Structure formats: structure tokens, C-alpha cells
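The values are calculated or read from the model by the stated rules, or taken from the named source; none is laboratory data. All values reported here derive from a predicted model rather than from experimental measurement. Positions of Cβ are generated from backbone atoms using ideal geometry, with glycine treated the same way; all protein chains shown enter the neighbour counts.
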Amino acid sequence: MFLIQSISMKTTNNYPWATHLKEEELDALMGSSVELEYDKFDVIIKQGSMASQIMVLEEGMVKLNFQESGKDTTFGFGGKGDFIGLMCSFVKKRLDFSAVAITPCRIRIFDRDVFEKLIEHNGKFAIYIVTIMSQMIKETCHNLITLKHRNAGGSLATLLLNLVRVFGEHQIAIPFTREEMAHTLGYSKESIINTLSDFQKDNIISISGKNLEILDKKALENIAEKG
């Protein structure tokens, strides 16, 4: 983990919610923030730590894990522009999950007190944040409900779709090895390799080494939903 610049106004382009703030409000919020850089596999949030900050992922990709009885379960992913742990950030209690960098990441951390004051005094901003939190809770609940029934295909399809969302393209260079993908999803390396091969045979993807192209996004979405 590395501390870098304290403020960079150009990064506000990453935040759609910034349009709901007045210039002086945005200045106060950005002025209270810092940026941190994390290497691949760094723990950004440790399960059981206090929810004391507001975090936004500016670059990279993270996985969200829940640990129980010594076993890690990945229930979600975060990409560029996503809040990390927002739905737990205002209850002043310990976080029930961890966030781990699966690519190099840059995180902006906001002062929670400043963030709370903006919510208190700016109704449009408050509604936007509540909407984001509701969407996060809905997605998390859906993931946790379907997780027990999701096979390797469903888990891998979900990961590939998140890569497309993070990089904004259907042609990407996968930022980790097959073994790392297997570890992230909780399956064997062989299972991941076989599933990728099946996706390619079905013309859902084209893959060579780390170069991946999504050929049939709709099919991949169906697998992620039902697999």
C-alpha cells in the first residue's frame, strides 16, 4: 500500500455523483480525501475492521470476500468508480467482509464526517447515495442467495463480465493467471481451464493466452445468472 497525492480534481470525472454537489461542497470533500495505491493481492479492507471511512475505487479491480469457518467465499467484485463497503460505512460497526486487490488498485478515501454532512444538507446528493446503497444491497443479496447454486461456469462468467465492465471493452488482456482466477473463484485450476475451453467451443469467447474477446455477451450473462 502506498500513499500518493492528497487531491487531484481531474479524478472527479470518475464520480457521477459529483454532479449533485455544489463546487464548494465538492472542494470540501476532495480536500478531505487522500489516495492510496495497493499492489495485487493487498488486503484493502480486512473483515472485522471498523467501518470508519468512505472508499471509492479509482483504478483496478477488487474481490469482496466473506470468511466463515476458515473458508473464503467471493460474493462480489468492484471496479473503477465503485464505492467499496458503502452500505456498511454509516453504521459505525465492524465490516463483515474483506476487499482484496486482484489487480493493482488506486483507492480514494473520503472523510466520513464530511460525507455525512453533505448527505445531511444536500437532498439530491442524499437521494443519489441512498439509491446506490439500495442497488448494492440488492445485488449483494442476490449474489449470496444464488451463490450456493452457482457452478464454475456461472462464477467464471460473472468474473469475465466484471472484467468487461472494469476495462470498458470486449477485447481485454486478462490481468491474472488461470491459477489466480481459480483461487479468486474457489475452484481448481483445471476446472477454470476446462470452463474457458467450453466457452470458446460454444463461441461465447475467443481466448489465446491472456488475450480475451467476448463474442456473445448475452450468452455469458445467461450463464452468470443461471449457472
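Points worth noting:
- Between Ile54, Ile45, the distinction of being assigned by TED's automatic domain parsing to the domain that holds Leu118 and touching a residue at least 60 places away in the same chain (Cβ under 8 Å) belongs to Ile54 only.
- Once the stretch 93-112 is narrowed to residues that are at pLDDT 80 or above and part of a loop (DSSP other than H, G, I, E, B), the residue that is surrounded by the fewest Cβ atoms within 10 Å (Cβ to Cβ) is Asp96.
- Residue within the stretch 187-194 that is assigned to a helix (DSSP H, G or I), modelled with pLDDT under 85 and either surrounded by fewer than 18 Cβ atoms within 10 Å (Cβ to Cβ) or of a type in the set (Gly, Ala, Ser) (or both) present: no
- Scanning the stretch 57-89 for residues that are in contact (Cβ under 8 Å) with a residue 12 or more places away in the chain, over 23 Å from Met181 (Cβ atoms) and out of contact with any helix residue (DSSP H, G or I) (no Cβ under 7 Å at 6 or more places or on another chain) yields Gly85, Cys88.
- Filter pass, Leu36 being over 30 Å from Asn151 (Cα atoms), assigned by TED's automatic domain parsing to the domain that holds Thr19 and part of a strand (DSSP E or B): yes
- Flag for Asp72 being in contact with a Ser or Thr (Cβ under 9 Å, 6 or more places away or on another chain) and within 27 Å of Ala152 (Cα to Cα): yes
- Selection within the stretch 64-77 - within 14 Å of Glu139 (Cα to Cα) and not hydrophobic (A, V, I, L, M, F, W, C): Thr74, Gly76
- Residue in the stretch 154-176 that is of a type in the set (S, T, N, Q) and in contact with a Ser or Thr (Cβ under 7 Å, 6 or more places away or on another chain) present: no
- All told, Glu213 falls short of being modelled with pLDDT of 90 or more, farther than 23 Å from Gly60 by Cβ and either part of a helix (DSSP H, G or I) or out of contact with any helix residue (DSSP H, G or I) (no Cβ under 9 Å at 6 or more places or on another chain) (or both).
- Criterion (surrounded by 15 or more Cβ atoms within 10 Å (Cβ to Cβ) and at pLDDT below 85) met by exactly one of Phe115, Phe83, Phe90: Phe90
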